[in-house]
1. Residue A:123 passes all but one of (1) closer than 21 Å to residue B:45 by Cα; (2) modelled with pLDDT of 95 or more; which number fails?
2. Looking at residue B:101 and the list (1) touching a helix residue (DSSP H, G or I) at 6+ places or on another chain (Cβ under 7 Å); (2) modelled with pLDDT of 95 or more, which single condition is not satisfied?
3. Has the range A:10-28 got at least one residue that is at pLDDT 95 or above and either assigned to a loop (DSSP other than H, G, I, E, B) or touching a strand residue (DSSP E or B) at 6+ places or on another chain (Cβ under 7 Å) (or both)?
4. Among the residues of the range B:63-92, what is the count of those that are over 19 Å from residue A:39 (Cα atoms), within 11 Å of another protein chain (Cβ to nearest Cβ) and without any contact (Cβ under 8 Å) to a residue 40 or more places away in the chain?
5. So for the range A:14-30 (the condition being farther than 30 Å from residue A:100 by Cα and surrounded by 14 or more Cβ atoms within 10 Å (Cβ to Cβ)), does at least one residue qualify?
6. Taking the conditions exactly as written (away from chain B (no Cβ under 11 Å) and buried (at least 16 other Cβ atoms within 10 Å of the Cβ)), does residue A:67 satisfy them or not?
7. When you scan the range B:30-48, do you find a residue that is within 11 Å of another protein chain (Cβ to nearest Cβ), more than 22 Å from residue A:81 (Cβ to Cβ) and in a helix (DSSP H, G or I), even just one?
8. Do the conditions hold for residue A:89, that is, is it within 11 Å of chain B (Cβ to nearest Cβ) and surrounded by fewer than 16 Cβ atoms within 10 Å (Cβ to Cβ)?
């Protein structure tokens, strides 16, 4: 049995032992996504009505390929952190909750791998 | 009477929830932030499909274009674009709150209305540009 007071137990990294890590990573992603999402919307605008060759040529440029990769990575990371909170808020049964939390991570990995594979194939 | 109330509690909500309150605008923006965030999960699939279709070759890209230009595809794309502009603008609002800016009731109400109007305007502008300037009709 611990002789720690309840206050001591939650100080530092807190009762969940992760501290503000989740909050902080969510904000880092959010800050990064402000310019990246603006870039994405502007790029989509520029590509409206363009044919496939023009879109491929656009994404084959190193700056655009890297920006697109960063956008995908930052968005999927920010997404899985956000969806995690939604699952934790609404799903209270331990089994389904753990299954959904795993599915959430796998979804981000799969979509991310598909996007990055496509990007490499387009750009190289 | 009091004893009866204790043994058979009325079936009322213990904590008033969404359906009980008249929605303040800040409540609507908060709920919409989560809703658009979830909609953007589907948006990642649109982006992934677009990239895979580009990488796959003309026949795959034709399929993507055909679906995207279909009226239903346009509705989905509008939902995606508005979710993105809304979540982006309201996200900036949240980041401002994180550093302590605009957190009083009047400022929050005003920024809520601004975010709703501006996000719709931006999304409509994207589609107006596509239809009117680029001449793309679905």
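1. Going through the list (1) closer than 21 Å to residue B:45 by Cα; (2) modelled with pLDDT of 95 or more, residue A:123 breaks only (2).
2. Result: residue B:101 fails condition (1) only.
3. No: zero hits.
4. Here the count works out to 3.
5. No, the conditions are met nowhere in the range A:14-30.
6. Considered against the rule, which asks whether it is away from chain B (no Cβ under 11 Å) and buried (at least 16 other Cβ atoms within 10 Å of the Cβ), residue A:67 comes out as yes.
7. No: zero hits.
8. In short, yes.
The values are calculated or read from the model by the stated rules, or taken from the named source; none is laboratory data. Note that the structure is predicted; figures quoted are calculated from it, not measured. Neighbour counts run over all protein chains shown; Cβ positions are idealised from the backbone, glycine included.
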